[in-house]
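Okay, structure first, notes after.
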Amino acid sequence: MAGEAAVREQAETVRRLKQDKADPDEIAQEVAKLLEMKTQLGGDEGKHKFVLKTPKGTRDYSPKQMAIRERVFNAIISCFKRHGAEVIDTPVFELKETLTGKYGEDSKLIYDLKDQGGELLSLRYDLTVPFARYLAMNKITNIKRYHIAKVYRRDNPAMTRGRYREFYQCDFDIAGQFDPMIPDAECLKIVYEILSDLQLGDFLIKVNDRRILDGMFAVCGVPDSKFRMICSSVDKLDKMPWEEVRSEMVGEKGLSLEAADHIGEYVQLHGGLDLIERLLQDPKLSQNKLAKEGLGDMKLLFEYLTLFGITGKISFDLSLARGLDYYTGVIFEAVLLQQQNDHVEEPVGVGSVAGGGRYDGLVGMFDPKGRKVPCVGVSIGIERIFSILEQRVEASEEKIRTTETQVLVASAQKKLLEERLKLISELWDAGIKAEVLYKKNPKLLNQLQYCEDTGIPLVAIVGEQELKDGVVKLRDVATREEVNIRRESLVEEIRMRTSQP
């Protein structure tokens, strides 16, 4: 049992840590200890007010919200399947060492689990590193896979913009040794198909290449040791003006003013094939081996994207950096240009809705012999997309069905519960989605009202006369039209009336 003196001492520890602005996780651990000690102590001091809420950066989803989410997931999965992907799954937590050193500056956002005296574990931060571990562990050198699952980041959540601490990622990746830029072009086509299908409004897919960036940094006079640091500064250009990024590079990261200004000349360029051609002639960039390789592949990529007919939505953008350390070649990010919504005055600021790139070295980091498996992949930002669609549905007051029930089995007279249950069992066995009200003798009006409220399109009504005649009265809820259908033809009739066009 914890004594009062021990509780006071622990409270003092917590106070001191808060005063010293210690690590939030350390404070949280000590607060948890304090609460445990108070509980052990008993009495009023042990009671603390229980708050009913979801943890910071998480949320519950209502049936209506889940119906919208399912619609989005189905569109994404059908696209992944259309492109021939297989599906895998991996554990929600990995060995801590699996995740360490793969995410650059973002590594501080990894959720470490409490040491229970066994393996040191962390919650997965994305689906790419677990995929690379899976390939190396199973000695797989060739696979096209998708994976949809929750990931975790100890970030500062901005939930109105679809930024959470627990969220889904929808990943599609192609692993294997192939001719350059063909899989990369397919990944961009997939982003284009999904964003077009979901009708989110106008979008743009920005592309760049890590080799072009590294070559640009080299010719601008950035020391090798500062490449990744400067890269993460450039990555902020979509959120901050150039002046602020420039002062961060110089002030915080120790880059010379001359080098920063030289970078500024490049990172503000964007265009298409014409820009690639221009940079291939650039006296400095064209002398850099990495940049030349990257620009050559970028030209090839644009040729394939022209064949796919999607270059109108693609921009070669030298400011695109993507902060993650594991990218080695092409990188891309899709952004919504504006929110087309007459009902909402403020456009929904959601940032990027998809991103990805080539990461040829990641699998080799896990392979004991360092064998490399080239990979390219894309991740769809489901939460941000969902935020937009949810707000759009609310604004339009569109009625969302939360069930897929095709028919309600009803009766107009009393004492027909057994007949209703017999009929609904037949329908269930035939694969029809059917419901029945859980009352012995419900009023017909209440049964019809239930269909109106939940959007059930058909009512199958059994009555004494219908039972004698071997028929069921089928009512269309919208038109109120009723027709007698022979019992043996009922399943076929329901299927025909509720099949999607």
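Summary of computed values
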quantity	calculated
From Asp297, Asp261, residue being closer than 18 Å to Leu320 by Cβ and either outside any loop (DSSP other than H, G, I, E, B) or not assigned by the TED database to the domain that holds Asp209 (or both)	Asp297
Verdict on Thr141 being more than 25 Å from Arg371 (Cβ to Cβ), in contact with a Gly (Cβ under 9 Å, 6 or more places away or on another chain) and not charged (D, E, K, R)	no
Test: Thr90 is at pLDDT 90 or above, assigned by the TED database to the domain that holds Ala185, in contact with a Lys or Arg (Cβ under 7 Å, 6 or more places away or on another chain) and among the hydroxyl-bearing types (Ser, Thr, Tyr)	no
The listed residue being under 24 Å from Ala175 (Cβ atoms) and aromatic (Phe, Trp, Tyr), out of Tyr125, Tyr111	Tyr125
Residues located in the stretch 117-156, provided they are assigned to a loop (DSSP other than H, G, I, E, B) and either touching a Ser or Thr at 6+ places or on another chain (Cβ under 9 Å) or not assigned by the TED database to the domain that holds Cys375 (or both)	Arg124, Tyr125, Asp126, Leu127
Considering residues of the stretch 182-213 that are in a loop (DSSP other than H, G, I, E, B) and among the hydrophobic types (A, V, I, L, M, F, W, C) only, the residue modelled with the lowest pLDDT	Leu200
Residue in the stretch 127-134 that is open to solvent by less than 60 Å² (accessible area, probe 1.4 Å), under 27 Å from Arg69 (Cβ atoms) and charged (D, E, K, R) present	no
Among (1) under 30 Å from Lys56 (Cβ atoms); (2) at pLDDT 95 or above; (3) open to solvent by 40 Å² or more (accessible area, probe 1.4 Å) - the single one Ala149 does not satisfy	(3)
Members of the stretch 253-270 that are more than 32 Å from the chain's Cα centre (by Cα) and either open to solvent by 70 Å² or more (accessible area, probe 1.4 Å) or among the aromatic types (Phe, Trp, Tyr) (or both)	Leu257, Glu258, Glu265
Some residue of the stretch 265-287 being more than 29 Å from Ile310 (Cβ to Cβ) and among the small types (Gly, Ala, Ser)	no
Meets criteria (of a type in the set (Asp, Glu), out of contact with any Cys (no Cβ under 7 Å at 6 or more places or on another chain) and assigned by the TED database to the domain that holds Thr141) for Glu466	no
Total residues in the stretch 465-501, condition in a strand (DSSP E or B) and surrounded by fewer than 16 Cβ atoms within 10 Å (Cβ to Cβ)	5
For Leu448: the one exception among (1) open to solvent by 20 Å² or more (accessible area, probe 1.4 Å); (2) of a type in the set (A, V, I, L, M, F, W, C); (3) in contact (Cβ under 8 Å) with a residue 12 or more places away in the chain; (4) not in a helix (DSSP H, G or I)	(4)
Scope the stretch 183-206; condition touching a Phe, Trp or Tyr at 6+ places or on another chain (Cβ under 7 Å) and either under 26 Å from Val250 (Cα atoms) or open to solvent by 10 Å² or more (accessible area, probe 1.4 Å) (or both); matching residues	Lys189, Lys206
Criterion (more than 22 Å from Arg401 (Cβ to Cβ), modelled with pLDDT of 95 or more and not acidic (Asp, Glu)) met by exactly one of Leu445, Leu458, Leu417	Leu417
Selection status of Lys102, crowded, with 20+ Cβ neighbours inside 10 Å, more than 22 Å from Phe178 (Cα to Cα) and not acidic (Asp, Glu)	yes
Gln177 in contact (Cβ under 8 Å) with a residue 24 or more places away in the chain, out of contact with any Gly (no Cβ under 7 Å at 6 or more places or on another chain) and open to solvent by 10 Å² or more (accessible area, probe 1.4 Å)	yes
Residue tally, condition part of a loop (DSSP other than H, G, I, E, B) and surrounded by 13 or more Cβ atoms within 10 Å (Cβ to Cβ), over the stretch 233-252	1
Subset of the stretch 77-95 (residues that are open to solvent by less than 80 Å² (accessible area, probe 1.4 Å) and under 21 Å from Tyr152 (Cα atoms))	Ile88, Thr90, Pro91, Val92, Glu94, Leu95
Residue list for the stretch 1-24, filter: assigned to a helix (DSSP H, G or I) and in contact (Cβ under 8 Å) with a residue 24 or more places away in the chain	Glu4, Ala6, Val7, Gln10
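Here is a yes/no grid of residues against (1) modelled with pLDDT of 90 or more; (2) open to solvent by less than 20 Å² (accessible area, probe 1.4 Å):
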site	(1), (2)
Val344	no, no
Ser352	no, no
Gly364	yes, yes
Thr403	yes, no
Gln406	yes, no
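Quick grid of which residues meet (1) modelled with pLDDT of 85 or more; (2) assigned to a helix (DSSP H, G or I); (3) open to solvent by less than 10 Å² (accessible area, probe 1.4 Å):
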site	(1), (2), (3)
Gly215	yes, yes, yes
Ser225	no, yes, no
Cys231	no, yes, yes
Leu275	yes, yes, yes
Glu293	yes, yes, no
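The values are calculated or read from the model by the stated rules, or taken from the named source; none is laboratory data. These numbers come from a predicted model, not from an experiment. As a convention, Cβ positions derive from the backbone with ideal geometry for all residues, glycine included, and neighbour counts pool all protein chains shown. We work out accessible area using only protein heavy atoms, side chains counted, and drop any ligands, DNA or RNA first. Shrake-Rupley method; radii C 1.70, N 1.55, O 1.52, S 1.80 Å.
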